[in-house]
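K.L.:
Sharing a structure, written as structure tokens. Questions coming.
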Amino acid sequence: MFGRLGPTEIILILVVIILLFGAKKLPEMARSLGKSARILKSEAKAMKSEGSDTAAAPADPPQPAPKTIQAAPGDVTSSRPVAEPTDTQAQR
């Protein structure tokens with residue numbers, strides 16, 4: 001029923017698209033399609049590089065975050081990071 005599309009059929013389809021959407025909307029649609037394609041390409045590249053980074057980096061153990069002591073609950077102005085006591089600090 002549906003055979004191969006020849007050049008005549010493709011031209012006819014393009015003319016119908018131009019008539020339906022109008023000449024003013026086509027550049028706008030092409031611009032948004034190109035922008036979407038660029039976003040998709042950059043996201044795919046970021047996911048690919050992220051996957052290779054995580055596969056190569058598991059040799060280092062994660063470092064614990066520094067602890068924070070607050071003077072009063074909710075008081076963030078006097079918060080400061082505190083180092084954990086080591087054996088040399090405990091002997092003093």
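The values are calculated or read from the model by the stated rules, or taken from the named source; none is laboratory data. All values reported here derive from a predicted model rather than from experimental measurement. Accessible surface is based on the protein model in full, side chains and every heavy atom, while ligands, DNA and RNA are left aside. Shrake-Rupley method; radii C 1.70, N 1.55, O 1.52, S 1.80 Å.
K.L.:
Give a residue-ordered list of calculated ³J(HN,Hα) values for region 18-30 (Karplus: 6.51 cos²θ - 1.76 cosθ + 1.60, θ = phi - 60°; whole Hz; x for Gly, Pro).
P.N.:
Result, ordered by residue: 5, 5, 6, 8, x, 5, 6, 7, 4, x, 5, 5, 5 Hz.
K.L.:
Per residue, how much accessible area does region 1-46 have with a 1.4 Å probe, in Å²? Could the numbers behind the result be given before it?
P.N.:
Numbers: 4530 Å² over 46 residues.
On a per-residue basis, region 1-46 sits at 98 Å².
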